[in-house]
Amino acid sequence: MSTRPSLRSRVLRRIVSAMKNTEPIEATVEAAARGEVDGRPAPQPPRSAMRGVVAEVRDLAGTNVHVLRPRAREPRFAVLFLHGGGYIEESHTGVWQLVTRFVRRLDAEVWVPAYRLAPRQTAAVTVPRMRDVYAAVLAQWSRERIAVIGDSAGGGLALAVVQEAQAAGVSVPALLGLFAPWVDLRMERPEERDTRDDPMLDYGRLSAAARAYAGELPLTDSRVSPVLGDLRQLPRTWVITGTDDVLVHQSRALVAAMAEAGSSVTYLEDAHMMHVHVMLPISEGRAALARFESELASLA
């Protein structure tokens, strides 16, 4: 069977490559700071994504948390979704399109925290705050009906939050979904430092964002690089990535380490796909997402 990417995927790759950001992160950090209201990010979900969805904003653990529900039906399970963006960027349109898809198609209640971004808030604060948000979800839903999901940096944060919950004796969710997760901020592998062929990610920006998020913690701290944390007795986990994502090496290492630790993990690695392809409007991303959604729907 041919692994040649679809025409749409090839065209989108050219567009993304042409727009790749290799500039220092300072302008990104400053833009995010300007977008804060009373010291917190205040993202507004695009109206185009909110059809059939009811939203409210809750103040939890010093964080604005968007809680999304189906407009006409009762939700059947809950998702805590932690967005990516290298810990320095707010949630983008693709995040809202994905989480509202879960609401409309699967009758999920989705919690989306707008956690404060680095360097104004670092891992030492972000991880326990997101653990407290997870505890709020757990106060309303049984663990058997909860999934924690994250993309890119949000995937790393999702893993760190579950590890923190487990260490604190808090029940872990039934399902953990990690989409192209950034789980090792050391970026030590030579193949991770050469991002010239990655259409989206840039090593200079990644390494600077890693230092900003770590703050005073070493990059080896499991709150920063959760692949170095306790991988035993994790929830059943899905890891989805693509071969043309420079972070694919981290996904492979994570899956191997989880298997060695005895945790259940399903791994999807799609050929020629770039970073977080499950969020892209391409057939390959939709197929991978559909497989994951079948597992997610089993929580109902």
Checklist line | Count of segment 261-277 residues which are within 15 Å of Trp182 (Cα to Cα) and among the β-branched types (Val, Ile, Thr) | finding: 1
Check: From the residues in segment 71-97 that are more than 22 Å from Ala32 (Cα to Cα) and either among the aliphatic types (A, V, I, L, M) or in a strand (DSSP E or B) (or both), which one is most open to solvent (accessible area, probe 1.4 Å)?
Finding: Ala72
Check: Which residue, of Leu219, Leu176, is within 15 Å of the chain's Cα centre (by Cα) and at pLDDT 95 or above?
Finding: Leu176
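Here is a yes/no grid of residues against (1) within 22 Å of Arg189 (Cβ to Cβ); (2) free of Cβ contacts under 8 Å to residues at least 24 places away in the same chain; (3) crowded, with 16+ Cβ neighbours inside 10 Å:
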residue	(1), (2), (3)
Leu219	yes, no, yes
Leu234	no, no, yes
Leu254	yes, no, yes
Glu269	yes, no, yes
Ala287	no, yes, no
Ala290	no, yes, no
Next item on the list: For segment 23-58, name all the residues that are over 26 Å from Tyr134 (Cα atoms), outside any helix (DSSP H, G or I) and either touching a Cys at 6+ places or on another chain (Cβ under 7 Å) or open to solvent by less than 80 Å² (accessible area, probe 1.4 Å) (or both).
Entry: Ile25
Margin query: The conditions are (1) open to solvent by 10 Å² or more (accessible area, probe 1.4 Å); (2) within 14 Å of Ser225 (Cα to Cα); (3) outside any loop (DSSP other than H, G, I, E, B); (4) not aromatic (Phe, Trp, Tyr), and Ala158 fails exactly one of them. Which is it?
Written below: (1)
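The values are calculated or read from the model by the stated rules, or taken from the named source; none is laboratory data. Small disclaimer: the values here were computed from a predicted structure and weren't measured. Virtual Cβ from ideal backbone geometry, glycine too; neighbours counted across all protein chains shown. The protein model used for the area step is the full one, side chains on, heavy atoms only, and it has no ligands, DNA or RNA in it. Shrake-Rupley method; radii C 1.70, N 1.55, O 1.52, S 1.80 Å.
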